[in-house]
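Before any comments, here is the structure.
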Amino acid sequence: MKPARFEYVAPECLEEVVPSLQRFGDEAKVLAGGQSLVPLMAFRLATPTALVDLGHVEELRYVTEGDVLAIGAMTTHRAIEHNEIIRGRCPMLTEAMAHVGHVAIRNRGTVAGSMAHADPAAEWPTLAMALDAEVDVIGGEGSRTIQAKDLFLSYLTTSLEPDEVISEVRLRMPPRGSGTAFLELSRRHGDFGLVGVACALTPSDGKIEMARLALMGVGSVPIRAAGAESLLVGRHPSDELLEDVAAAANEAIEPSSDVHGSEHFRRSVATVLVKRAIEAAWKRAGEGDVSG
Amino acid sequence: MGESREITLRVNGREVRGTAEPRMTLADFLRDRLRLTGTHLGCEHGVCGACTVLMDRRSVRSCLLFAVQAENRELTTVEGLAPSEEELHPIQQAFSEKHGLQCGFCTPGFLMAVHELLSEKPDPAEDEIRQYLSGNLCRCTGYQNIVAAVQLAAERTRGAAVPHD
């Protein structure tokens, strides 16, 4: 189908954005990259009365690297994918970008758009949970900051109000010396992932001082496997420990069955990917292979 | 609501104008308003790649863009590849020689994606080619000859390729 009729507004600067949304009450949607929204409109699963296009708001396109990575809302996945500083500091982000759709999708799709869309099978919400991200939001009531865990409420549902727009996404970089990895299984390259795992480990004296583990595609929101993380802290990774950690991660997740995979299958995949992600992150931290 | 408006943009090096409602996709605008029917509609929801064009030198899904979003932008479609009526672009020539097409429906999308690929990676390995082009689906060829065409095109355009920004 073709999308239903809508009004179209393209504000030229950030100050115009919220007033543009408010003109239409609750009926307007923000158009960022459009790579999730426009397919929904083509199926007429979404029929907003108006679109507020952020495409001209250049002040939302930026990346500020550092111990906290600050990403302007309209930064594309491709810009993150090509950022060499991010590749050096937190390769899990670069690895994850390669799984976001396809090149043409990544050229238009945005970081904040993915966060606001809140698909639990998408990479950015999972990365946000792994790295204790927060988002700055502007809206009719003013600005506020929302932690990732308070942003993602359920499948395709966030705590954003209809007149609120994400302006910045901030991710806490793991301390220097950490190893990070992102693994995803999909049937074909670029398909929506069945299951994905983001892992960050910080070693100290051959033991894990800090662990972050978040899973994708295993519930209505991305899951931080806090129980699994606490099993890792203070320990040296071994095959036996990884079995326990994978089992703990399985306790934390609630995958559903659908045409792409059964619950049982997703749990099996989660087990394998959790172990592999920990091994990869440990190796990246310069700590060598996980022992037997 | 959402009345038609006039849009001005550059397509294949020339300034063009057309009218469209906001809801008209860039793909439909190219085909219906500009009569550039080389850009094809496959799935119309972003997964097949048949609608791929270049906007500001980057590949995009024209079915997921509204024409109004292309205002003042620089587009390249498949019609803009060949340097003249008599001569094919090296990528087109390679696809022809290596039988990288059968029905040709997916081909324009592939050509635009390959153009971007070779601008970024003038010497791609086979698995890089397959990964890069994973967003373009072909029902006819089984992809083998497409990969061979890309390799041939890469060989011929290496050295002449413009580095991507």
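The values are calculated or read from the model by the stated rules, or taken from the named source; none is laboratory data. Predicted model only: the values in this text are computed from it and were never measured. As a convention, Cβ positions derive from the backbone with ideal geometry for all residues, glycine included, and neighbour counts pool all protein chains shown. Areas reflect the complete protein model, heavy atoms only, side chains present, ligands, DNA and RNA absent. Shrake-Rupley method; radii C 1.70, N 1.55, O 1.52, S 1.80 Å.
Taking B:E71 as the residue in question, decide whether it is surrounded by fewer than 17 Cβ atoms within 10 Å (Cβ to Cβ) and more than 30 Å from B:E6 (Cα to Cα).
No.
Hey, can you tell me all the residues within segment A:103-123 that are open to solvent by less than 10 Å² (accessible area, probe 1.4 Å) and touching a His at 6+ places or on another chain (Cβ under 8 Å)?
The answer is A:G109, A:T110, A:V111.
Mind checking whether some residue in segment A:59-74 is over 29 Å from A:S178 (Cα atoms) and either open to solvent by less than 60 Å² (accessible area, probe 1.4 Å) or within 11 Å of chain B (Cβ to nearest Cβ) (or both)? Lay out the reasoning, then the answer.
To start, the set of residues in segment A:59-74 that are over 29 Å from A:S178 (Cα atoms) comprises A:59-60.
In the following step, the residues that additionally are either open to solvent by less than 60 Å² (accessible area, probe 1.4 Å) or within 11 Å of chain B (Cβ to nearest Cβ) (or both) were identified as A:60.
Yes, segment A:59-74 has at least one match.
When the residues of segment A:167-213 are filtered to those that are buried (at least 24 other Cβ atoms within 10 Å of the Cβ) and of a type in the set (D, E, K, R), which remaining residue is nearest to the other protein chains (Cβ to nearest Cβ)?
That would be A:E184.
Criterion first (of a type in the set (D, E, K, R), surrounded by fewer than 21 Cβ atoms within 10 Å (Cβ to Cβ), more than 19 Å from B:G38 (Cβ to Cβ) and at pLDDT 95 or above) does B:E79 satisfy it?
Considered against the rule, which asks whether it is of a type in the set (D, E, K, R), surrounded by fewer than 21 Cβ atoms within 10 Å (Cβ to Cβ), more than 19 Å from B:G38 (Cβ to Cβ) and at pLDDT 95 or above, B:E79 comes out as no.
Filter segment B:111-158 down to residues that are touching a residue at least 40 places away in the same chain (Cβ under 8 Å), part of a helix (DSSP H, G or I) and crowded, with 21+ Cβ neighbours inside 10 Å, then give me how many there are.
Residues in segment B:111-158 being touching a residue at least 40 places away in the same chain (Cβ under 8 Å), part of a helix (DSSP H, G or I) and crowded, with 21+ Cβ neighbours inside 10 Å: 9 in total.
Looking at B:H99, B:H89 in this structure, which one is modelled with pLDDT of 95 or more and touching a helix residue (DSSP H, G or I) at 6+ places or on another chain (Cβ under 6 Å)?
After ruling out the rest, the residue left standing is B:H99.
Residues that are more than 24 Å from A:G101 (Cα to Cα) and more than 14 Å from chain A (Cβ to nearest Cβ): does segment B:59-73 have at least one?
No: segment B:59-73 contains no residue that is more than 24 Å from A:G101 (Cα to Cα) and more than 14 Å from chain A (Cβ to nearest Cβ).
Within the bounds of segment A:35-42, is there any residue that is surrounded by 20 or more Cβ atoms within 10 Å (Cβ to Cβ) and away from chain B (no Cβ under 12 Å)?
no
Please pick out the residue among A:G33, A:G25, A:G55, A:G88 that is more than 16 Å from the chain's Cα centre (by Cα) and either hydroxyl-bearing (S, T, Y) or in a loop (DSSP other than H, G, I, E, B) (or both).
After applying the criteria, what remains is A:G25.
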